[in-house]
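Enquirer: First the structure, which I've put down as structure tokens, then a few questions once you've had a look.
The values are calculated or read from the model by the stated rules, or taken from the named source; none is laboratory data. Bear in mind the structure is a predicted one, so any value in this text is a computation, not a measurement. Cβ placement follows ideal geometry from the backbone for every residue including glycine, while neighbour counts extend to all protein chains displayed.
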Amino acid sequence: MKPKFLHYLLLLLGLLLNGCGSGESGPVLSQVKSEASTLDLRQGGVITLAYHIGSETKISAFLQSPEGNRYELRRDEPRLPGNYEMQLDGAVETVENGLIQRRILPDGLYHCTLQAQNGQAETRDFTIMGSPASQGRPEIEALSANPQVISPNFDAREDVATLNWRTTRPTTVTVSIAGEHGFSRVLKTSKNQPAQEDRVDFNGLDQKGEPLPDGVYTYTIQAADKFGNITRRASTLEVRGGGLPQAVISYANIAPTEIIKGNLVTVTVRVKNTGKVPIRSQGPDSGFRYTTHDAYSSIENGRYEDKAGFWRIGVDYEANSGVGGPVRYPFRWGFGHDLQPGEEVVIVGQIQVERDERDIKLYVGLIQEKISLVQDRQQITTVKITY
């Protein structure tokens, strides 16, 4: 049984092979034709180039201008047997400064060549007319980032870069940035913008508001005019030392709890940097004495007015409305130096109580100036006042 079955199998295979080889294979590339020979860009049309693929191959295509310039339209794109079309719209992609640009071609006679992987090629000619290429193309100039290195750690010091550029004609401008770990973000899109200088800020944060990883990021300015020209320019900036600042009050004490009017209350607070970036602080430093008539913004001719991103501890009291008088946490003290990750510092401050109440309810807070009240109403303590 087995030898006879093998005999029939070999006979059938031979017949199939003979059948396949009996015909003649057709051309890989054929039936190349165009429905038109003139492309009028004033009408906004296209020229469609149709072709047939007889066997599996890869197709390349290029365009040659009247001046002899060659523009690549396709490169080794795989094709299975069948009918295909390629559209020509009077624009080509070029590479300038490592970036793809889109350019409208000028008037003239062009040669479009289709070429299969085996070298077989077909060329068709067409004429472009009514091109706006003579009106010029958009340019992007004076591209810069200031500063070029940012540290998005919410300390209000080089947290933000300003990207600057200038366009030479009316365009739609898109600004994007990309970098580490697949990060990509569109920063700005301005439609029908006149030729002008412009800018946009980049804060070094991702879409969730988290600081980006350290690394080099590429920002790209794209200017597209109404004719279809697209110009792109790019440069880089660096993110270094970014991170979310974090701190906590690990200890607080307010004493004594009974005083004579005009005497001192001492506040002792321990703060720990629990984050991964240094924390900046501002004065007055530990040891400074306030009176209940003072506020941090009024002492020493406003020297200690709050600076965005800096950290301090503060003391507030229940009767402080913040309206028509001191703002919340009028008594504030700094850490004396930048607090490094994992570092703790003890701040001691004094308040001379000159109020007429029978008691004053004091409490402690941790503040990142002009950003957030990190901890509020810690260690609430009632201090009795006698006369």
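Enquirer: Tell me, please, whether a residue that is among the small types (Gly, Ala, Ser), part of a strand (DSSP E or B), buried (at least 20 other Cβ atoms within 10 Å of the Cβ) and in contact (Cβ under 8 Å) with a residue 40 or more places away in the chain can be found in region 322-341.
Expert: Here is the first cut: in region 322-341, the ones among the small types (Gly, Ala, Ser) are 322, 324-325, 334, 336.
Pick out the ones that are also part of a strand (DSSP E or B) and you get none.
No, region 322-341 contains no residue that is among the small types (Gly, Ala, Ser), part of a strand (DSSP E or B), buried (at least 20 other Cβ atoms within 10 Å of the Cβ) and in contact (Cβ under 8 Å) with a residue 40 or more places away in the chain.
Enquirer: Across region 108-156, what is the total count of residues that are among the aromatic types (Phe, Trp, Tyr), in a strand (DSSP E or B) and either touching a His at 6+ places or on another chain (Cβ under 7 Å) or outside the structural domain of Leu73 (by TED's automatic domain parsing) (or both)?
Expert: Start the filter on region 108-156 by keeping residues that are among the aromatic types (Phe, Trp, Tyr), which leaves 110, 126, 154.
From what's left, in a strand (DSSP E or B): 110, 126.
Subsequent filtering for residues that are either touching a His at 6+ places or on another chain (Cβ under 7 Å) or outside the structural domain of Leu73 (by TED's automatic domain parsing) (or both) retains none.
The number of residues fulfilling the criteria is 0.
Enquirer: With respect to the numbered conditions (1) modelled with pLDDT of 95 or more; (2) over 16 Å from Leu99 (Cβ atoms); (3) hydrophobic (A, V, I, L, M, F, W, C), which one is the sole condition not fulfilled by Ala156?
Expert: Of (1) modelled with pLDDT of 95 or more; (2) over 16 Å from Leu99 (Cβ atoms); (3) hydrophobic (A, V, I, L, M, F, W, C), only one is false for Ala156: (1).
Enquirer: Continuing with this model, one more query. Residues to consider are Glu238, Glu305; find the one that is within 25 Å of Ala156 (Cβ to Cβ) and either of a type outside the set (D, E, K, R) or buried (at least 17 other Cβ atoms within 10 Å of the Cβ) (or both). Reasoning before the result, please.
Expert: Details: Glu305 fails: either of a type outside the set (D, E, K, R) or buried (at least 17 other Cβ atoms within 10 Å of the Cβ) (or both).
Exactly one of Glu238, Glu305 is within 25 Å of Ala156 (Cβ to Cβ) and either of a type outside the set (D, E, K, R) or buried (at least 17 other Cβ atoms within 10 Å of the Cβ) (or both), namely Glu238.
Enquirer: OK, next. Looking at this structure, is Glu197 among the charged types (D, E, K, R), out of contact with any Phe, Trp or Tyr (no Cβ under 7 Å at 6 or more places or on another chain) and either in contact (Cβ under 8 Å) with a residue 60 or more places away in the chain or not assigned by TED's automatic domain parsing to the domain that holds Gln148 (or both)? So that I can check it myself, show each step before the final result.
Expert: Working: among the charged types (D, E, K, R): yes; out of contact with any Phe, Trp or Tyr (no Cβ under 7 Å at 6 or more places or on another chain): yes; either in contact (Cβ under 8 Å) with a residue 60 or more places away in the chain or not assigned by TED's automatic domain parsing to the domain that holds Gln148 (or both): no.
Against the criterion (among the charged types (D, E, K, R), out of contact with any Phe, Trp or Tyr (no Cβ under 7 Å at 6 or more places or on another chain) and either in contact (Cβ under 8 Å) with a residue 60 or more places away in the chain or not assigned by TED's automatic domain parsing to the domain that holds Gln148 (or both)), Glu197 does not qualify.
Enquirer: Just to verify a result, which residue in region 63-107, among those that are in contact with a helix residue (DSSP H, G or I) (Cβ under 9 Å, 6 or more places away or on another chain) and in a strand (DSSP E or B), is farthest from Thr48 (Cα to Cα)?
Expert: Applying the filter and picking the extreme gives Arg103.
Enquirer: Are any of the residues in region 162-174 within 26 Å of Arg137 (Cα to Cα), of a type in the set (Ser, Thr, Tyr) and not in a strand (DSSP E or B)?
Expert: Yes, region 162-174 has at least one match.
Enquirer: Tell me the residue from Arg312, Arg270 that is in the same structural domain as Gln379 (by TED's automatic domain parsing), closer than 20 Å to Gln352 by Cα and at pLDDT 95 or above, please.
Expert: Numbers: Arg270 fails: closer than 20 Å to Gln352 by Cα.
Answer to the check: Arg312.
Enquirer: Among the residues in region 30-39, are any part of a strand (DSSP E or B), basic (Lys, Arg), over 30 Å from Phe227 (Cβ atoms) and touching a residue at least 24 places away in the same chain (Cβ under 8 Å)? Give the derivation first.
Expert: Start the filter on region 30-39 by keeping residues that are part of a strand (DSSP E or B), which leaves 30-34, 38-39.
If we keep only those that are basic (Lys, Arg) as well, we get 33.
When the remaining residues are screened for being over 30 Å from Phe227 (Cβ atoms), the result is none.
No.
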